[in-house]
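Data first, discussion second: the structure below is written as structure tokens.
The values are calculated or read from the model by the stated rules, or taken from the named source; none is laboratory data. Bear in mind the structure is a predicted one, so any value in this text is a computation, not a measurement. Reconstructed Cβ throughout: ideal geometry from the backbone, glycine too, with neighbour counts over all protein chains shown. Just the protein is used for accessible areas: all its heavy atoms, side chains included, with ligands, DNA and RNA removed. Shrake-Rupley method; radii C 1.70, N 1.55, O 1.52, S 1.80 Å.
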Amino acid sequence: MEFEGPAQSFVDEIIIAENVHKWFGEFEALRGVSLRVKPGEVIVILGPSGSGKSTFIRCLNRLEEHQEGRIIMDGIELSHDIRNIQEVRREVGMVFQQFNLFPHLTVLDNITLAPINVRKWTRDHAEEIAMKWLTRVGIPEQAGKYPGQLSGGQQQRVAIARTLSMQPKILLFDEPTSALDPEMIKEVLDVMRDLAKSGYTILAVTHEMGFAREVADRIIFMDAGKIVEVNTPEEFYNNPKEERTKLFLNQILQH
Amino acid sequence: MTQTPAAPSPEPQAMPLWRRLLGYIFDVRVLGVLGQIGFILLVVFAVRSISSNFADNAQRLGESQFICRDGSFSYRCAYDFMESESGFDISDTMIDHTNTDPYWRTFYVGVLNTLKVAIFGVILTTLLGTVMGVARLSDNWLISKIALWYVELMRNTPLLIQIFFIYFGVILTAPELNEALQPLGLPLFISRRGLNFPSLQFTSSSAIWIAFLVLGIIQIQVTSVILGRREERTGQPSNRLQTGLIAFMLIAGLGWFVSSAVSDSQGLLVTKASRIRELGDMDKLMLQRTGANHLDDLAAFSEEELDAAAFQICALDDSSSETNLTRQLRKMDIPYRIRRYEVPDKAADNYASGKCEMFVASKTILAAERSTLESPSSHLIISVKEAPIVWSLPAREGLNLVGGGRMRPEFVALLLALVLFYGSNLAEIVRAGILAISKGQNEAARALGLTEGQRLQLIVLPQALRVIIPPGIGVALSLAKDTSLGIAIGFPDMYAVSYTTMNQSGRVLQLFVLIMLMYMLISLAFSVLLNWYNEKIKLVER
Ligand SMILES: Nc1ncnc2c1ncn2[C@@H]1O[C@H](COP(=O)(O)OP(=O)(O)OP(=O)(O)O)[C@@H](O)[C@H]1O
Ligand SMILES: [Mg+2]
């Protein structure tokens, strides 16, 4: 199964985050995060609970607002300008741990909702594209069902199809397999693996080591609101540079 | 613990009888049956004591309650008295009603009034409640605080007090009719006599126009079928709905002209001496009278001069022929003064005595009145064309307001109080419904690039509705039943009318049974409708 790739990007660095700070009231969740990502790069973010992984990727499509520093996505800077925010959200897709499918809409309507209302496609065109993506994630026969009638793995694959139908260039995954039973994790990872290979720029928070080793170009390790280490998967798992990373790997590899 | 089947369990034998009995009693199946038997006994007992009480009372009230028309007594004649003359007037009626009508018609007027308040009330409450519920969650500090204060104020004071306050404290302190407030210069007048507003008036030719509209609707169906067939044959897509709608508008427009042109039922009675032969002659005549070269020049005339020159017209109260004629005169800039009479004879008398030089009404009325004049042949009836629907705008005329529709102050006060009160209840339900939508739903909508309006409309409200509808049905039902509070300020709803009927006829039992049945019917109709909707939008779960 080979996926069609994303639209081409005309910038050298599709994600630029410079010295990003984020406070929740008094609490500083991001303490100066900087990252540059080239189009087509696949990056896996790791770190202990509460280290700011989710907060960081949620800043990248303005689900959270950063207070200091700059974020430039595919050449568009995220500011208070609502037009910029809407434009970035059209280019950046996000897949959530809890799927967040719309329970009152059928699978097909979940997927066509944004293309019809945001991209202003006709229903026919949107449905054609939606069926294409449903076929690619392997569940075209579920199009008429409601999310509540699907298994967790199927729901997450619908969520991925919903994100892809907007034709984003960048995909953000926030622990997409954490809410799934073990036998369903594989079906979702297979889809993600194929997306990674077909040229999408991906930022994924995931603890799936196999996925990280196979497709990640870089692994980023975060702790206490900072990026502690950036490394290739090979080096990261076998030969980490930082003490903090070693401690973390010891903990997760013990299981 | 393992047990071989062969091993006799010694326990049951050893258990004393009372413990075994307790074991039976606490068996959920037994408990369920016992509970149902107990409940049935309770219901039987309650019904028995109420009905024997009822029978006692009926006995005490005597047979006179159940007199039949032939003078005999029978329970079957319990409602015969409703056919006798009611003898009282009702201030606010949607249908014609006089004090010589039977009690049934009086009751019917009351039911219509109750329905009027209930239906308008539910519609307006839905709007207000939704807006206020959304406003309470607004990021805008001022908006959310206003909504909060509204909800707290309305929810924490009794409805009856609010009705009194709005009626006596707000509406009855409004200016008199001759000084009615006109907000923003709109054709709306607020006074202590109620609210006067623009209304649509159907004329004698509207039936023809409506026939055209029906034709247009049938045409949409036919067009859709024909185009659908052609689509299948040729594979060429066509915009069926658009074609149908355009054709519909053409038909409706054609119908408007046709019905205006063929309308021939309205007329204007004039003397032959007036030299008016058709409506178009009136402007020439006006120019002669005033000596002006052009009707536009009349703008420079003083009020007295215009009064002297204006056409004096007699008309019937609330007649569409009058609305229609004056509208055409205003269009032609012809000054006129109008007198209105309740009955045609009065108008005809004044026409005969020369108080007015023309009399506008339907041709049949005019023909009848003309024959009563001294020399019918010296009078002419000329045709007045009319559009199928005319706007009737309220306007000042002397100390009075004429034209348009009017809501009485009691109706306005009751409706306003019910909507404000139940709107605050609904606002809280709407707020809870919106808050029940998880954060994730909103985030997914935003991440997909939906605008805030789209998020609210496509994701939040459809899901919130499922939480809102069941308690919302309760609000609608309470509102429908609380229309009976209208009696406190003299709004003639079903209960108020029945109350007067009770006092006059002494038939208390019959009327209460009737009232309760009607309220039950209204409530059932509401809840059937809303439950059907609720069923339709239920979530499909695994
Ligand atoms: N809305 C919020 N309000 C206040 N504090 C928050 C909020 N969201 C996150 N935080 C705090 O910010 C810190 C970083 O949270 P974040 O969710 O980014 O961690 P994470 O790395 O994704 O952790 P996990 O692996 O458990 O998902 C945590 O200490 C969290 O308590
Ligand atoms: Mg997280």
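Worth pointing out:
- Count of residues meeting criterion [in a loop (DSSP other than H, G, I, E, B) and either over 23 Å from the mean Cα position of the chain (by Cα) or surrounded by fewer than 14 Cβ atoms within 10 Å (Cβ to Cβ) (or both)] in the range B:369-401: 10
- Restricting A:THR112, A:THR106 to residues that are more than 15 Å from the chain's Cα centre (by Cα), crowded, with 19+ Cβ neighbours inside 10 Å, more than 16 Å from ligand 2 (Cβ to nearest atom) and not small (Gly, Ala, Ser) narrows the list to A:THR112.
- Among residues of the range A:41-55 that are more than 14 Å from chain B (Cβ to nearest Cβ), those with a beta-carbon under 9 Å from a residue that is within 9 Å of ligand 2 (Cβ to nearest atom) and in a strand (DSSP E or B) at least six positions away or on a different chain give the pairs A:VAL44/A:VAL205; A:ILE45/A:VAL205; A:LEU46/A:VAL205; A:GLY47/A:VAL205; A:LYS53/A:ASP174; A:LYS53/A:VAL205.
- Any hit, the range A:144-160, residues being of a type in the set (D, E, K, R), in contact with an Asp or Glu (Cβ under 9 Å, 6 or more places away or on another chain) and away from every other protein chain (no Cβ under 12 Å): yes
- Note on the range B:239-269: residues that are within 30 Å of B:ALA315 (Cα to Cα), out of contact with any Pro (no Cβ under 8 Å at 6 or more places or on another chain), surrounded by fewer than 19 Cβ atoms within 10 Å (Cβ to Cβ) and hydrophobic (A, V, I, L, M, F, W, C) amount to 4.
- Taking the range B:118-144 as the range and being aromatic (Phe, Trp, Tyr) and either touching a Lys or Arg at 6+ places or on another chain (Cβ under 6 Å) or not in a helix (DSSP H, G or I) (or both) as the test, no residue passes.
- Hits in the range A:104-120 (condition: more than 8 Å from chain B (Cβ to nearest Cβ) and outside any helix (DSSP H, G or I)): A:LEU105, A:THR106, A:ARG119, A:LYS120
- Taking the range A:26-52 as the range and being surrounded by fewer than 16 Cβ atoms within 10 Å (Cβ to Cβ), polar (S, T, N, Q) and under 13 Å from A:ASP223 (Cβ atoms) as the test, only A:SER49 passes.
- Selection of the range A:57-81 for residues being open to solvent by 30 Å² or more (accessible area, probe 1.4 Å) and of a type in the set (Asp, Glu) yields A:GLU64, A:GLU65, A:GLU68, A:GLU77, A:ASP81.
- Odd one out for B:ARG229 among (1) within 28 Å of B:THR364 (Cβ to Cβ); (2) more than 28 Å from the chain's Cα centre (by Cα): (1)
- Note on the range B:10-117: enclosed helices (runs of 4 or more DSSP H) holding 3 or more residues that are of a type in the set (A, V, I, L, M, F, W, C) are B:17-25, B:28-61.
- Scan of the range B:497-542 for residues that are more than 22 Å from B:PRO102 (Cβ to Cβ), of a type in the set (A, V, I, L, M) and open to solvent by 100 Å² or more (accessible area, probe 1.4 Å), ordered by number: B:MET520, B:LEU529
- Selection within the range A:206-247 - farther than 13 Å from A:ILE45 by Cα and within 16 Å of ligand 2 (Cβ to nearest atom): A:ALA224
- Options A:SER54, A:SER34: the member that is under 27 Å from A:PHE248 (Cβ atoms) and not in a helix (DSSP H, G or I): A:SER34
Quick grid of which residues meet (1) under 30 Å from A:ALA143 (Cβ atoms); (2) of a type in the set (D, E, K, R); (3) within 16 Å of ligand 2 (Cβ to nearest atom):
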| site | (1), (2), (3) |
| --- | --- |
| A:GLY25 | no, no, no |
| A:GLU28 | no, yes, no |
| A:ILE43 | no, no, yes |
| A:THR55 | no, no, yes |
| A:ILE72 | no, no, no |
| A:LEU78 | no, no, no |
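- With respect to the conditions (1) more than 8 Å from chain B (Cβ to nearest Cβ); (2) buried (at least 18 other Cβ atoms within 10 Å of the Cβ), A:GLU141 lacks only one, and its number is (2).
- Which numbered condition B:ALA211 fails, given (1) in contact (Cβ under 8 Å) with a residue 60 or more places away in the chain; (2) surrounded by fewer than 18 Cβ atoms within 10 Å (Cβ to Cβ); (3) small (Gly, Ala, Ser): (1)
- Exclusive hit being touching a Cys at 6+ places or on another chain (Cβ under 6 Å) and not basic (Lys, Arg), set A:HIS104, A:HIS80, A:HIS66: A:HIS66
- A residue that is within 16 Å of ligand 2 (Cβ to nearest atom), in a helix (DSSP H, G or I) and either under 19 Å from the mean Cα position of the chain (by Cα) or at the interface with chain B (Cβ under 9 Å from one of its Cβ atoms) (or both) can be found somewhere in the range A:59-66.
- A:ARG90 more than 16 Å from ligand 2 (Cβ to nearest atom), under 24 Å from A:PRO176 (Cβ atoms), open to solvent by 50 Å² or more (accessible area, probe 1.4 Å) and modelled with pLDDT of 90 or more: yes
- Filter result for B:ARG69 (more than 15 Å from B:VAL513 (Cβ to Cβ) and of a type in the set (Lys, Arg)): yes
- In the range A:171-185, the residues that are surrounded by fewer than 20 Cβ atoms within 10 Å (Cβ to Cβ) and within 11 Å of ligand 2 (Cβ to nearest atom): A:GLU175, A:SER178
- Looking only at residues of the range A:192-203 that are more than 13 Å from the chain's Cα centre (by Cα) and not polar (S, T, N, Q), we find that the one that is surrounded by the fewest Cβ atoms within 10 Å (Cβ to Cβ) is A:LYS197.
- The numbered conditions (1) at pLDDT 85 or above; (2) open to solvent by 20 Å² or more (accessible area, probe 1.4 Å) are all true for B:PHE359 except (2).
This table checks each residue for (1) within 16 Å of ligand 1 (Cβ to nearest atom); (2) over 14 Å from A:ILE170 (Cβ atoms).
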position	(1), (2)
A:VAL11	no, no
A:PHE24	yes, yes
A:ARG31	yes, yes
A:LEU35	yes, no
A:GLY40	no, no
A:SER51	yes, yes
A:ARG58	yes, no
A:GLU77	no, yes
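- Unique residue being of a type in the set (Phe, Trp, Tyr) and open to solvent by 50 Å² or more (accessible area, probe 1.4 Å) when the list is A:TYR146, A:TYR237: A:TYR146
- When the residues of the range B:428-465 are filtered to those that are in contact with a Lys or Arg (Cβ under 7 Å, 6 or more places away or on another chain) and in a helix (DSSP H, G or I), the one that is nearest to the other protein chains (Cβ to nearest Cβ) is B:ALA447.
- Filtered residue count, the range A:72-94, keeping only those that are free of Cβ contacts under 8 Å to residues at least 12 places away in the same chain and either touching a Leu at 6+ places or on another chain (Cβ under 7 Å) or more than 12 Å from every other protein chain (Cβ to nearest Cβ) (or both): 5
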